[in-house]
Structure formats: structure tokens, C-alpha cells
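Here's the structure, in C-alpha cells; my notes come after.
The values are calculated or read from the model by the stated rules, or taken from the named source; none is laboratory data. Note that the structure is a prediction, hence the values are computed from the model and not measured. Methodologically, a virtual Cβ is constructed for each residue, glycine included, from the backbone with ideal geometry; neighbour enumeration extends over all protein chains shown. Just so you know, the surface numbers come from the protein's heavy atoms only, side chains and all, with ligands and any DNA or RNA stripped out. Shrake-Rupley method; radii C 1.70, N 1.55, O 1.52, S 1.80 Å.
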Amino acid sequence: RPERAAVISFRYHIVTIVAVFLALAIGLLGGAAFVQPALQEELQNQTDRLQRDNEGLRGQIDDLQEQIGAFDGFTEATLPYLTQGRLPGTPVVIVTQTGVEDEVLAQAQTALAGAGARVITTVSATDQLVSEDPTTQEQLATIVGEPTAPAEELPTLAAEALALGLSPSTTVIGGEVLDGLLSAGFLAPIGSGPSQATLEEIGAPGQVIVVLSGGRGDQPVLAPEAFAVPLVDALAELDVPVAAGESLLTDYPFVGDVRSEGTVTVDDLDQTMGGAALVLGLEELLATGDGGAYGVKDGAEPLPPLP
């Protein structure tokens, strides 16, 4: 009968569809059973290779650190012979900033002292320079002589005003600028701070300025380009002998932005060799007016040529 044939045909289609889906399910299960172990094995092989590579890199790092330690021990022994008496009585002002590693400042101070230089004062730029408080911003704008300046320009204006105060070629009295920034907390003294007699010395001819910046961390409190870079640039334009220094592993580089013929830059000033480069570079700058880029990063030489 036609009705019976139609029922049989319909049942046949159902059975066929079920069989197809069953075959697909069996195929997927079978394929997964085959592919999954192979995938796991490949992933495990990759993990093993990465672990071996990581162990190899750690070994290389250990070797390099050992070599650096031995080399630094050598330079510590030879540094006095390289730099002793190179800057006898040279007056120096050190300007550092919030976030700079302690090792950078310590190495600069040690190297300069060993060379016979006379550090007049050391001051640090503080995060007050980038304060969002309107009263603080107004105070800074008054000190730098730009009462209507936008807040974002104030750190740079402070750097330029400080550079004028540190230059003997201007009529700005350096001690007054420095004293104003210190009194308001935009600069903080390192150590006892400058006396009134010391402030009167600021900006005298023959003075050297050492600017330190950079540091470690995700975001600098006071970015180098906001204060340190314009300070060095302004000093160089005013023909003030200036050196710029950062650490070997700084997270926000600084010296690469201020390299010029009349500036000494040191990109490893937390290392003993960097301290030697600072002294020898300043000696060359004072004698010839030529600066140089020293350290271990791109475009730098380890040390200036020895006389």
C-alpha cells in the first residue's frame, strides 16, 4: 500500500539521519582520542624547550653578572689612578630628582670627591613641580616669573629659570632662584642644604652642573622630559659646563635625549666605570669645550680617551 510505503520511507530517512549523526559522533570521539594525546605531547615538548631555553638564559645572566662583578672590582681598584686629581677645586652643583636610584647619586658624589672637585650643593627636584594643587601651581608660576603659564608647562619653566640662575652669563642671581625653589619645596636639599654664603656662590664662572635623572618603575613621578631634559638643554645653550647621568638599567632613559657637543652624558653612572667616565668627560669638556657620550648603550664609548 502507498501509505505503508511512505511510512517505511520516512522511517528509513530517520534511521539514515540517526546513523549519520552517530557516525559523526563516533568520528569526533575517535579523532579526539587520537588528536588530544598528540596535541598534549606537542605542548609538553614546547614547554620543555622553553624551560631549557630559560635555564640557559639564566646561566648566561649568572655568567654575565659574575663577569661584571669581577670587572667592577677591577675598576674600583683602578679608579683612583684614573681620576685622582683630575678636577682639583672645580665647583660643582648636583641636581637630581625624585625617583633617581641612590646608587647613581652615590657614584657621582664618590667620583667627583675622588677627583678633587668641590661639590657646592646637591638638590633634588620634587614631585611638587607637578602638583595638581592650584595654590602650589600659582606659587611655582610666581617663582619662575610666569604667573599666567599653564600648569603643564611649569616644570619646564622652572628648569629654564634654574638654568638661568646657574649661568654666569645672565643677570639672574642664581642663589635667589635656587633659594625660592628650595623654600617652597620644589627643590629639596640633599644633606645639610646650602648656606647663605653658598647660595651667593651659585652661578659663578667655572662652575659645573651635574644633572641626574631616570629611575625604575612603571611611571616616573617627574618625567625626565618635564624637568631634567629642558634643564640640561638650557644649560648647554647658555654654555654652562653640564653633565647628565642615568643608571645602566633605568626604565625611562634620559641621557639619549640630551646628547650634544657641549654636554657630557653617562648612561651607566651607577657603575664604577660610569663614575670614571663622568670625571674624565668633565675634564675634557672643561679643557676643550667638547663633550661626549659615555657608557655601554648605543652611541656611547666606555671612557673618554685618556690624555
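Considering only residues that are without any contact (Cβ under 8 Å) to a residue 40 or more places away in the chain and surrounded by 15 or more Cβ atoms within 10 Å (Cβ to Cβ), look in the stretch 137-152 and name the one that is nearest to the chain's Cα centre (by Cα). Break it down into steps so the answer makes sense when it comes.
The first filter runs over the stretch 137-152 and keeps only residues without any contact (Cβ under 8 Å) to a residue 40 or more places away in the chain, leaving 137-138, 141-142, 144-152.
Checking which are surrounded by 15 or more Cβ atoms within 10 Å (Cβ to Cβ) leaves us with 137, 141, 144, 146, 149, 151.
Details: Gln137: 26, Ala141: 27, Val144: 26, Glu146: 29, Ala149: 28, Ala151: 24 Å.
By that ranking, first place goes to Ala151.
Take Thr250 and tell me if it is touching a strand residue (DSSP E or B) at 6+ places or on another chain (Cβ under 9 Å), hydroxyl-bearing (Ser, Thr, Tyr) and either modelled with pLDDT under 95 or within 26 Å of Thr126 (Cα to Cα) (or both). Can you show your working first?
Working: touching a strand residue (DSSP E or B) at 6+ places or on another chain (Cβ under 9 Å): no; hydroxyl-bearing (Ser, Thr, Tyr): yes; either modelled with pLDDT under 95 or within 26 Å of Thr126 (Cα to Cα) (or both): yes.
When the stated conditions are applied, Thr250 does not pass them.
Of the listed requirements (1) within 29 Å of Val130 (Cα to Cα); (2) of a type outside the set (Lys, Arg); (3) in a loop (DSSP other than H, G, I, E, B), Asp233 misses just one: (3).
Only one entry of Ala125, Ala117 meets the criterion of being open to solvent by 10 Å² or more (accessible area, probe 1.4 Å), touching a Ser or Thr at 6+ places or on another chain (Cβ under 7 Å) and modelled with pLDDT of 95 or more, and that entry is Ala117. Can you confirm whether Ala243 is part of a strand (DSSP E or B) and either open to solvent by less than 10 Å² (accessible area, probe 1.4 Å) or more than 21 Å from Gln107 (Cβ to Cβ) (or both)? Yes: the conditions hold for Ala243. Is it fair to say Arg216 is touching a Phe, Trp or Tyr at 6+ places or on another chain (Cβ under 9 Å) and either polar (S, T, N, Q) or open to solvent by 20 Å² or more (accessible area, probe 1.4 Å) (or both)? Yes, satisfied.
Among (1) in contact with a helix residue (DSSP H, G or I) (Cβ under 6 Å, 6 or more places away or on another chain); (2) crowded, with 24+ Cβ neighbours inside 10 Å, where does Pro224 come up short? With respect to (1) in contact with a helix residue (DSSP H, G or I) (Cβ under 6 Å, 6 or more places away or on another chain); (2) crowded, with 24+ Cβ neighbours inside 10 Å, Pro224 is out only on (1).
Report whether or not Leu187 is within 23 Å of the chain's Cα centre (by Cα) and under 27 Å from Met273 (Cβ atoms).
So Leu187 does not fit the description; no.
Across the stretch 266-307, the qualifying residues are those that are among the β-branched types (Val, Ile, Thr) and either part of a helix (DSSP H, G or I) or surrounded by fewer than 22 Cβ atoms within 10 Å (Cβ to Cβ) (or both), and the one among them that is nearest to the chain's Cα centre (by Cα) is Val296. Given the structure, is Gly185 modelled with pLDDT under 90, on the phi > 0 side of the Ramachandran plot and surrounded by fewer than 18 Cβ atoms within 10 Å (Cβ to Cβ)? The answer is no for Gly185. In the set (1) farther than 28 Å from Ala277 by Cβ; (2) under 21 Å from the mean Cα position of the chain (by Cα), Ala125 fails one condition alone, (1).
Report, by residue number, each residue of the stretch 200-213 that is open to solvent by less than 30 Å² (accessible area, probe 1.4 Å) and closer than 13 Å to Pro91 by Cβ.
The initial filter retains those residues of the stretch 200-213 that are open to solvent by less than 30 Å² (accessible area, probe 1.4 Å), namely 202-203, 207-213.
Ile202, Gly203, Gln207, Val208, Ile209, Val210, listed by residue number.
For the stretch 162-173, the count of residues that are open to solvent by 40 Å² or more (accessible area, probe 1.4 Å), aliphatic (A, V, I, L, M), without any contact (Cβ under 8 Å) to a residue 40 or more places away in the chain and more than 22 Å from Glu225 (Cβ to Cβ) is nonzero.
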